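Each remark here refers to the structure printed beneath this line.
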Amino acid sequence: MKKKSLGYKIFCGIVIAFMVGSMIYAAVTTNSGAVLNSFWSLVPPIIAIVLALITKEVYSSLFIGIVAGGLLASGFSFTGTMEKVFPGGIISVLSDSYNVGILIFLVVLGVLVSLMNRSGGSASFGNWAAKHIKTRVGAQIATIILGILIFIDDYFNCLTVGSVMRPVTDKHKVSRAKLAYLIDATAAPVCIIAPISSWSAAVSGFVPENQNGIALFVKTIPYNYYALLTIAMVFLISITNTNYGPMKLHEYNAEFKNDIYTTPDRPYANQKEENINSKGKVIDLIFPVIILIIFCVLGMLYTGGFFSGASFIEAFSQANASVGLVYGSVLALIISIAFYLIRRVLTFTQCMESFPEGFKAMVSPVLILTFAWSLKAMTETLGAKTYVNVVVDGFAGGFMKFLPAIIFLIAVFLAFATGTSWGTFGILIPIVVSIFDGKDNTMMIIAMSACMAGAVCGDHCSPISDTTIMSSAGAQCNHLNHVTTQLPYAMTCAAVSFVTYIIAGFTKNVYISLISGFVILTAVIFAIKKISDKAAKKEKKTA
């Protein structure tokens, strides 16, 4: 079949956007209250996601979604829309100190990666790994283990694991799409079950003051089925070499055609090679990574008041992840430069040349993040939180045993549409606590974990999620390739998690439900592998 042109895809996107716009306009003109605090508040991100999947172009899709939100929020006023899109949207999110901190952290990480490459540390690590990691399975397992070890923050995880493991997976012919999935699957799903992480701090901050946020977070860990099952799944599919959906083609091309990209868009494939020092050693990569981890942890503890008398747990629960990561990354950058100068693997001039190189490497994720944040701001302006509150309250009556599974689905949809798991926590966790507080403590913990698991799942799947964007950047993979290839894996795990939450709602027993989830997941993966292997044999016979 002839491949559809980009012009055709853009035309389809414009037609869909026009149709949805017409529907929205009709709703606004017939009833002025039909948009705010209603399902329409989720329409702008849905438009952006649909356009991105059709056109395979993420920048314009996100911007059109932002404009759609501006039109809704302003009642289709031209000047009002401009105000909502720019001062109230893009300019506003770029003026937010937390967001600016994340962007600075990204740029500093980009500079550190450039330094590691220039020093020869990445190349040396690749040579070392080539001697010790002998197989494709070994390369994938090493990536997963490193992702699990870096549990402090998902942004830090995505970019660090990507920069360290990319040379290794490339040598063993693992597709960039598979690398991006492994990075993504060990970022948020690991952080959400780590008691000491920026995520545990965020979740505890969303819990009402009459509850101990960290204590509740720890109790939800064994019930966080999506996170636990995702970690189990990445080990299963790597060990058994189970590939399905669009990922199957990417892995086939990488293993047998030596093409780790598959699609024509090959991020960084033709990037100008930096001057690499032949004197570089593995320590030139390991040292900056270790320093970065140590100082990022110390930076977060500092912002949480640890050095002013707060306990370790209290400091993490009230830490400012954005500021802490900036402190940690900047100090790590300074120490790393000094380390390279002392070792004489880089000159001061070469170190300074890494700054613009690192910034350029982060331009794409910075731009996508800015648009994604602006789109999230639109959903907040339109009252998504109020709408979801009403929906959840409506289910709290006669569906109590099914409520964890229902909350899981709502959280998946909300996080997928808005591209934010933390925003989903902020909306749903206070509602869940208010429903069960003082009535059924076990069910409250299960429902909280369902909210957190669903938020991570939706965030994991969403093309406008910052973590998904970071994973693409870390793997240097086409962003939409990453989204489309990981979606079947995430949906498989989500389906098993949904069934497991139904079991948990009836049994209220962590062991029965968790063991059931692992058994179901294992059976599903082996069934998929069997079907996939049969299909491959048929293709070989007919070829």
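The values are calculated or read from the model by the stated rules, or taken from the named source; none is laboratory data. These numbers were taken from a predicted model, which means no experiment stands behind them. Heads up: the accessible areas ignore ligands, DNA and RNA and are worked out on the full protein's heavy atoms, side chains in. Shrake-Rupley method; radii C 1.70, N 1.55, O 1.52, S 1.80 Å.
Which pairs break 28 Å Cα to Cα here: Lys134/Lys529; Lys131/Lys360; Lys178/Lys360? In this structure, Lys131/Lys360 exceed 28 Å between Cα atoms. Heavy-atom accessible area, probed at 1.4 angstrom with all protein chains present, ranks Ile337, Ile286 as Ile286, Ile337, highest first.
Once all protein chains are placed together, Leu367 keeps about 70 Å² accessible to a 1.4 angstrom probe.
Taking max minus min of the alpha-carbon positions on each principal axis, segment 81-147 gives extents of 57, 27, 18 Å, largest first.
Equivalent ellipsoid semi-axes for segment 452-521, as square roots of 5 times the alpha carbon gyration tensor eigenvalues: give them largest first, rounded to whole Å. If you can, show how the numbers build up before the last one.
Details: eigenvalues 172, 25, 16 Å².
Each semi-axis is the square root of five times an eigenvalue, giving 29, 11, 9 Å.
Residues Lys134, Lys376, sorted by accessible area with the largest first, give Lys134, Lys376 [1.4 Å probe; ligands and nucleic acids excluded]. Taking every protein chain into account, the 1.4 Å probe leaves Ile283 with about 80 Å² of accessible area, to the nearest ten. Taking only the alpha carbons of segment 409-529, we obtain Rg and Dmax values of 15.7, 49 Å in that order. Summary of the geometry: segment 457-507 and segment 57-79, compared by the centres of their Cα atoms, lie 26 Å apart.
With Cα atoms as the point set, the radius of gyration and Dmax of segment 150-193 evaluate to 10.4, 32 Å.
Globularity index of segment 279-394 is 1.50 (Cα radius of gyration / 2.2 N^0.38 Å, N = number of residues).
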